[in-house]
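K.L.:
This is the structure I want to talk about, given as structure tokens.
The values are calculated or read from the model by the stated rules, or taken from the named source; none is laboratory data. Computed from a prediction, not measured in an experiment: that's the story for all the values here. Virtual Cβ from ideal backbone geometry, glycine too; neighbours counted across all protein chains shown.
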Amino acid sequence: MKEKSTISQKMGTTFLSFLCIFWIMPVFVVLWNSFKNKNSINLMPFELPNAETFVGAENYLAAIDKYGLLQSVGWTVFITVGSVAAILLFCSMCGWFITRVKTWWTKLIYVLCLFSMVVPFQMVMYTLSLVANMLHLTNPWGIIIVYLGFGAGLAIFMFTGFVRSIPIEIEEAAMIDGCTPLQTFFKIVVPIMKPTYISVGILQTMWIWNDFLLPYLVLDLNKYKTISIVIQYMKGSYGSVDMGAIMAALILALIPVVIFYLSCQKYIIKGVAAGAVKG
């Protein structure tokens, strides 16, 4: 029985290893194509660079100089950091409040947050674009408010689940010692919610950093472009596509979010599991 179990484990490990290689292979294809000339990318996308096709950092320089990738990186970082910070602050406070204050309207807010995760984005695309123009939210500062609205559902759901696992006696003891509700939240609740903060931050960062449709609908593209929009603009008119610059831009856009994810991945399962506790 032990031998059969060992064989099955080895077969499972081998299968999963091949599956992992299969899933990450496209990333390596994009990586080595980013160092090849345009013609070879179109004609021989799965061949490694050689002496004839290798162009060094030419595609990366074209993406930065010709298409203004660095400026788009700056706007993407600003939007991502601002949106994630707003989501973490306001949604954690909201999740704590609707958990501790049990009234019909706090329950209604929670139900609406759950409902917002079910509604397809396509249903609100036109209305969103119209309202954003009316309220002058077509800039990096305004889109942070839009992201706060769209990211609140999942964030409040996770924060609420975690707050339910925190003994209320801890907060009551802090209030007896003279803490106000805000002091109790920031000095007692926030440190305890660190795993959920990190897991929600990772999920929201990966979504906002890679998002294309929401900035495309909301932002004034004559003034502001995110990385995803700049990559789309590399596909020019009359079918012309700068594949070299696109490959280089994809790698540059991938590096920050991969580093961020790898440095914080251990907190994802911990935070999600903590938010799954039922009250």
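K.L.:
Need pairs with beta-carbon distance below 7 Å; first residue among the charged types (D, E, K, R) and within segment 210-234, second part of a helix (DSSP H, G or I); sequence gap 6+ or separate chains.
P.N.:
211/228; 225/72; 225/75
K.L.:
Just wondering, is there one or more residues in segment 81-94 that are surrounded by fewer than 16 Cβ atoms within 10 Å (Cβ to Cβ), touching a helix residue (DSSP H, G or I) at 6+ places or on another chain (Cβ under 7 Å), closer than 30 Å to residue 163 by Cβ and touching a residue at least 60 places away in the same chain (Cβ under 8 Å)? Quick ask: steps written out before the conclusion?
P.N.:
Going through segment 81-94, the residues surrounded by fewer than 16 Cβ atoms within 10 Å (Cβ to Cβ) turn out to be 81, 85, 89-90.
In the following step, the residues that additionally are touching a helix residue (DSSP H, G or I) at 6+ places or on another chain (Cβ under 7 Å) were identified as 90.
If we keep only those that are closer than 30 Å to residue 163 by Cβ as well, we get 90.
Checking the rest, the ones that are also touching a residue at least 60 places away in the same chain (Cβ under 8 Å) come to 90.
For segment 81-94, residues surrounded by fewer than 16 Cβ atoms within 10 Å (Cβ to Cβ), touching a helix residue (DSSP H, G or I) at 6+ places or on another chain (Cβ under 7 Å), closer than 30 Å to residue 163 by Cβ and touching a residue at least 60 places away in the same chain (Cβ under 8 Å): present.
K.L.:
What about residue 218, is it modelled with pLDDT of 90 or more and in contact with a helix residue (DSSP H, G or I) (Cβ under 7 Å, 6 or more places away or on another chain)?
P.N.:
It is true that residue 218 is modelled with pLDDT of 90 or more and in contact with a helix residue (DSSP H, G or I) (Cβ under 7 Å, 6 or more places away or on another chain).
K.L.:
For segment 131-143, enumerate the residues that are loosely packed, with under 11 Cβ neighbours inside 10 Å and assigned to a helix (DSSP H, G or I). Steps first, answer last, please.
P.N.:
As a first pass, look at segment 131-143 and keep what is loosely packed, with under 11 Cβ neighbours inside 10 Å: 134, 136.
Matches in segment 131-143: 134 only.
K.L.:
Considering segment 170-201 alone, what residues qualify as being farther than 23 Å from residue 110 by Cβ, more than 29 Å from the chain's Cα centre (by Cα) and in a helix (DSSP H, G or I)?
P.N.:
173, 174, 175, 176, 183 - these are the residues of segment 170-201 that are farther than 23 Å from residue 110 by Cβ, more than 29 Å from the chain's Cα centre (by Cα) and in a helix (DSSP H, G or I).
K.L.:
For segment 97-114, enumerate the residues that are touching a residue at least 12 places away in the same chain (Cβ under 8 Å) and within 14 Å of residue 152 (Cβ to Cβ).
P.N.:
Residues satisfying the conditions are 98, 109, 110, 113, 114.
K.L.:
Does segment 210-249 hold any residues that are closer than 19 Å to residue 153 by Cβ and not β-branched (Val, Ile, Thr), and which are they?
P.N.:
210, 211, 213, 214, 217
K.L.:
When only residues in segment 158-169 that are surrounded by fewer than 19 Cβ atoms within 10 Å (Cβ to Cβ) and part of a helix (DSSP H, G or I) count, which is farthest from the chain's Cα centre (by Cα)?
P.N.:
So in segment 158-169, the residues surrounded by fewer than 19 Cβ atoms within 10 Å (Cβ to Cβ) come out as 164-165, 167-169.
Filter again for part of a helix (DSSP H, G or I), leaving 168-169.
Numbers: 168: 32, 169: 35 Å.
Out of the qualifying residues, it is 169.
K.L.:
Within segment 13-54, track down each residue that is under 17 Å from residue 246 (Cα atoms), hydrophobic (A, V, I, L, M, F, W, C) and without any contact (Cβ under 8 Å) to a residue 40 or more places away in the chain.
P.N.:
28, 29, 32, 35, 43, 44, 46, 54
K.L.:
Let me confirm something: among 111, 118, which residue is in a loop (DSSP other than H, G, I, E, B) and over 30 Å from residue 36 (Cα atoms)?
P.N.:
On the way: 111 fails: in a loop (DSSP other than H, G, I, E, B).
Every option except 118 fails the conditions.
K.L.:
When you go through 202, 246, 176, 192 one by one, which is the residue that is at pLDDT 85 or above, buried (at least 18 other Cβ atoms within 10 Å of the Cβ), out of contact with any strand residue (DSSP E or B) (no Cβ under 9 Å at 6 or more places or on another chain) and of a type outside the set (Ser, Thr, Tyr)?
P.N.:
Exactly one residue qualifies, and that residue is 202.
For (1) β-branched (Val, Ile, Thr); (2) not assigned by TED's automatic domain parsing to the domain that holds residue 193, each residue gets a yes or a no:
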site	(1), (2)
16	no, yes
19	no, yes
40	no, yes
52	no, yes
70	no, no
77	yes, no
88	no, no
94	no, no
104	no, no
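K.L.:
Name the helices (runs of 4 or more DSSP H) wholly inside segment 15-107 in which the number of residues that are of a type in the set (Lys, Arg) is 1 or more.
P.N.:
By residue number, 38-43, 69-100.
K.L.:
Is it the case that residue 184 is assigned by TED's automatic domain parsing to the domain that holds residue 101, farther than 20 Å from residue 219 by Cβ and either out of contact with any helix residue (DSSP H, G or I) (no Cβ under 8 Å at 6 or more places or on another chain) or of a type outside the set (Gly, Ala, Ser) (or both)?
P.N.:
Criteria met by residue 184.
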